[in-house]
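This report concerns only the one structure given below.
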Amino acid sequence: MGANSSSISELPENEYLQKLSGSESISENDPFWNQLLSFSFTTPTNSADLKLLEEATISVCKSLVEKNPRTGNLGSLIKVFLSRTKELKISAECQNHLFIWQAHNALFIICCLLKVFISRMSEEELQLHFTYEEKAGPSSYGTECEDLIEELLCCLIQLIVEIPLLYPCQHTDSNWWKWLCSWYRGRYSGGVTSALGDITYSISLEAVTTLIVFLSCQLFHKEILRESIIHRYLMHGRCLPYTSRLVKTLLYNFIRQERSPPPGTHVFQQQTDGGGLLYGIASGVATGLWTVFTLGGVGSKASAQLEQCSPLASQSLLLLLVLANLTDAPDIPNPYRQAIMSFKNTQDNTAFSSSNPHAFQINFNSLYTALCEQQKSDQATLLLYMLLHQNSNMRTYVLARTDIENLVLPILEILYHVEERNSHHVYMALIILLILTEDDGFNRSIHEVILKNITWYAERVLTEISLGSLLILVVIRTIQYNMTRTRDKYLHTNCLAALANMSAQFRSLHQYAAQRIISYTCRHLRRYVYVLDKLYFPHSHCSTLQHCFSTLSDNGEELLSLTCSHILRSYASRLLTSALHLLHAACPVTDLCMFSVNR
């Protein structure tokens, strides 16, 4: 096998890794890099293999952390990567794929190393590791390359926004990409999709993942990073002009949901004389940080399946969410958030506001379709919430759709399977409903949409029901689950607020939905009356009931107000009167006047 490593367990003994992390300083022009960057390694396809990779290479990474102040090899590796990316044009024109291959491989190694460096040191120490050079003292560093981090970040953003995934001639006017496209069409019978698509997919994925790794510094700080070095580079200087293009590209990556190349795919033939190291060219696998950036710390099973099908779409969405939630700089608001708040539909011909230089246009129909299809992912639900909450153009477009059920049904299914979702996912889904129900047009239209055979609703066979009635059923079920399990006051209040928003527009409710409203209301009125009865007659102690009821909503008054005054006043006042008479028969001390409802 020689210098090649055919399994993860052999990586710690790989001579090229040992030299990289050793005490010898390696110049960026050394032939060593050509040998290091020739991969012939089986591609991991799951998080378990990725974890094994991290564990196998941790000793190498620790050694590099220790030796890099003397050798500066991390900086040399980054300079090699930057030089390879600058030579991509020459590589395409000369029909030489070596630089493209090595650029990808160099970026993958950098990403793996950065994960360890960032987890073990502050940003200030990391910046020093980017500037160390070969000097007599262990703590010496150069001054002429102090912006190597910024240069790397800018290069990563350029790779993301300028490298097309498939059929590049249709997406860019760049002549050198036309050269590359033409050459691959002539060389590979499978066309551009099977050859060029694999390599550009892998490079784009590694660039997105490396940016996420850079931004993971926040994970190792208890306080919010308000003066982050990485944030400053991304919001100022050379990276700033790419803001809108980066946000747009990440959104389109999410929309396209391009599948990764098949496991084990090698676009190029393996090098017989090169030293094998980590992966084949089509690594196409995220580093595993996506699970850390999900809302609940861990994604659902459906999210994991989605990530495996399209890791680039998943990673792009995570990077977009992280960028949008960066803290504003002291002198400038977050430009990525500004871009998300202001982008418009491609069919919108109105002029952009001069106050926002980061505005752009995107196809709302494609974005809406992707959002409807991907709601099983909590990241996609968070993106939908951000767009509805912060982008008025997108909110107006969504509310005007005639197929709103395509968006609402996945949200209702999330709430229905509340026990299988993390709490953050449920909150986001509920708040989305709250935003939608603030619009009277939405509240009217959902009662006109008739659904047939809702298979995931198990309590009762629903052969035909309106979308509005189904929404009521799911929200009431969520309330009941919350009262018996989580007892979260804010979740309870938001559910009641959504019902209150819809109450004025209740129309032609399904008989089962009407029955659930009355039974739910009667149950809680009975509990409320019982508590009041005990309060009026202090001889019986009811502190436990009072505490239980107060945790739900302010000693029950808010619950009674929302339920009776908003919901039942508009739809079921006569049924309420009957229910109150039943309560009075069961509890004669109760004064019916206190529950009177204006007709």
**Fill in**
Inside the stretch 354-402, the number of residues satisfying the requirement of being of a type in the set (D, E) and either surrounded by 17 or more Cβ atoms within 10 Å (Cβ to Cβ) or not in a helix (DSSP H, G or I) (or both) is 1
**Message:** Being aliphatic (A, V, I, L, M), at pLDDT 85 or above, part of a helix (DSSP H, G or I) and over 26 Å from T402 (Cβ atoms) is the requirement here; does A514 meet it?
**Reply:** yes
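Which of the following residues is closer than 23 Å to L399 by Cβ, aliphatic (A, V, I, L, M) and touching a Phe, Trp or Tyr at 6+ places or on another chain (Cβ under 6 Å): V426, V474, V449?
Details: V426 fails: touching a Phe, Trp or Tyr at 6+ places or on another chain (Cβ under 6 Å); V449 fails: touching a Phe, Trp or Tyr at 6+ places or on another chain (Cβ under 6 Å).
After ruling out the rest, the residue left standing is V474.
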**Asked** What number of residues within the stretch 220-251 satisfy the criterion of being within 30 Å of L367 (Cα to Cα) and either among the hydrophobic types (A, V, I, L, M, F, W, C) or surrounded by 24 or more Cβ atoms within 10 Å (Cβ to Cβ) (or both)?
**Response** 9
**Complete:** In the stretch 451-468, residues that are loosely packed, with under 12 Cβ neighbours inside 10 Å and part of a strand (DSSP E or B) total 2
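Which one is surrounded by the most Cβ atoms within 10 Å (Cβ to Cβ), of the residues in the stretch 410-431 that are in a loop (DSSP other than H, G, I, E, B) and touching a residue at least 40 places away in the same chain (Cβ under 8 Å)?
Restricting attention to the stretch 410-431, the residues satisfying the condition of being in a loop (DSSP other than H, G, I, E, B) are 417, 421-422.
Right, trim to touching a residue at least 40 places away in the same chain (Cβ under 8 Å) and you get 421-422.
On the way: R421: 23, N422: 16.
For the stretch 410-431, the residue satisfying everything is R421.
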**Request:** Kindly check whether there is at least one residue in the stretch 218-231 that is within 18 Å of the chain's Cα centre (by Cα) and over 24 Å from Q102 (Cβ atoms).
**Result:** yes
**Message:** Going residue by residue through the stretch 320-330, is there one that turns out to be open to solvent by 20 Å² or more (accessible area, probe 1.4 Å), within 28 Å of V116 (Cβ to Cβ) and modelled with pLDDT of 90 or more?
**Reply:** yes
**Item:** Subset of the stretch 512-527 that is crowded, with 19+ Cβ neighbours inside 10 Å and more than 13 Å from I479 (Cβ to Cβ) - its residue that is nearest to the chain's Cα centre (by Cα)
**Value:** A513
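Yes or no, residue by residue, for (1) within 22 Å of L156 (Cα to Cα); (2) in contact with a helix residue (DSSP H, G or I) (Cβ under 6 Å, 6 or more places away or on another chain); (3) modelled with pLDDT under 90:
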| residue | (1), (2), (3) |
| --- | --- |
| N4 | no, no, yes |
| N14 | no, no, yes |
| Q18 | no, no, yes |
| G22 | no, no, yes |
| F39 | yes, yes, yes |
| T43 | no, no, yes |
| E55 | no, no, yes |
| I58 | no, no, yes |
| K79 | yes, no, no |
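Just to verify a result, which residue in the stretch 331-353, among those that are in a loop (DSSP other than H, G, I, E, B) and in contact (Cβ under 8 Å) with a residue 40 or more places away in the chain, is farthest from the chain's Cα centre (by Cα)? Give the derivation first.
Pass one, the stretch 331-353, residues in a loop (DSSP other than H, G, I, E, B): 331, 333-334, 343, 346-353.
Checking which are in contact (Cβ under 8 Å) with a residue 40 or more places away in the chain leaves us with 334, 343, 348.
Working: N334: 18, F343: 19, D348: 27 Å.
This residue is D348.
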**Fill in**
Scanning the stretch 98-119 for residues that are surrounded by fewer than 22 Cβ atoms within 10 Å (Cβ to Cβ) and either at pLDDT below 85 or over 25 Å from the mean Cα position of the chain (by Cα) (or both) gives L98, F99
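How many residues, within the stretch 233-268, are at pLDDT 80 or above and either part of a loop (DSSP other than H, G, I, E, B) or charged (D, E, K, R) (or both)?
Applying the first criterion (at pLDDT 80 or above) to the stretch 233-268 yields 233-259.
Restricting the remaining residues to those that are either part of a loop (DSSP other than H, G, I, E, B) or charged (D, E, K, R) (or both) gives 236, 238, 245, 248, 256-259.
Looking only at that region, the number is 8.
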**Complete:** Within the stretch 432-450, of all residues that are surrounded by 20 or more Cβ atoms within 10 Å (Cβ to Cβ) and not in a loop (DSSP other than H, G, I, E, B), the one farthest from the chain's Cα centre (by Cα) is N443
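The values are calculated or read from the model by the stated rules, or taken from the named source; none is laboratory data. Fair warning: this is a prediction, and the values are worked out from it, not measured in the lab. Positions of Cβ are generated from backbone atoms using ideal geometry, with glycine treated the same way; all protein chains shown enter the neighbour counts. When the accessible area is computed, the model is the full protein with side chains, heavy atoms only, and any ligands, DNA or RNA have been set aside. Shrake-Rupley method; radii C 1.70, N 1.55, O 1.52, S 1.80 Å.
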